[in-house]
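Participant: Sharing a structure with you now.
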Amino acid sequence: MSEELSTNASTYIMRPDQFKEVLNILNFTRFNGKNYFEHICIIFKDILTDTQKKTIREMTDETKALEYIGSITKYTHS
């Protein structure tokens, strides 16, 4: 079986409120980003171009960042 994702597959990313709830867990930010925008870039590191990552890191609205990533690839919160 191929390890590639199906074109219908969605990548999981936690909701912004979930991300904020776990920020204080030891080493969480080390592996998951210091803010939600970094988190998006880490989760989608193999999909996003450097320019797209820069655009996301410069955003200030999490909803708009999710809309932006949704225009690039499929994702799910469940």
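Participant: Amide H to amide H under 5 Å from Tyr75: which residues, 5+ apart in sequence or cross-chain, H placed 1.01 Å off N in plane?
Facilitator: Long-range HN contacts for Tyr75: Thr11.
Participant: Given Cβ point charges of +1 (Lys, Arg) and -1 (Asp, Glu) and nothing else, what value in debye, to the nearest 20, does the dipole of the chain about its Cα centre take?
Facilitator: 180 debye
Participant: Let me ask another. How would you rank Ser78, Ser71, going from fewest to most other Cβ atoms within 10 Å of each one's own Cβ?
Facilitator: Ordered from fewest to most neighbouring Cβ atoms within 10 Å, Ser78, Ser71 come out as Ser78, Ser71.
Participant: Classify the range 35-78 as rounded, prolate or oblate from the Cα gyration tensor: take a ≥ b ≥ c as the square roots of its eigenvalues, call it rounded if a/c is under 1.5, otherwise prolate when a/b beats b/c and oblate if not.
Facilitator: Cα axes put the range 35-78 in the rounded bin.
Participant: Further question: Under 14 Å from the Cβ of Asn32, count the other residues' Cβ atoms, weight Lys and Arg +1, Asp and Glu -1, and hand me the total.
Facilitator: Local charge sum for Asn32: +3.
Participant: OK, next. Taking θ as phi - 60°, what are the ³J(HN,Hα) couplings along the range 12-26 by the Karplus curve (6.51, -1.76, 1.60), each to the nearest whole Hz, with x for Gly and Pro?
Facilitator: So the Karplus estimates, Gly and Pro as x, are 7, 9, 5, 5, x, 5, 5, 4, 5, 5, 9, 4, 8, 5, 3 Hz.
Participant: Charges at C-beta only: +1 for Lys and Arg, -1 for Asp and Glu. How large is the resulting dipole of the range 35-78 about its Cα centre, in Debye rounded to 20?
Facilitator: 100 debye
Participant: Follow-up. Fewest Cβ neighbours within 10 Å first, please rank Asp50, Asp61 accordingly.
Facilitator: So the residues, fewest neighbours to most, are Asp50, Asp61.
Laboratory data are not the source of any read-out in this text; all were calculated from the coordinates shown. Only a predicted model underlies this, so the values are computations on that prediction, with no experimental measurement involved. Methodologically, a virtual Cβ is constructed for each residue, glycine included, from the backbone with ideal geometry; neighbour enumeration extends over all protein chains shown.
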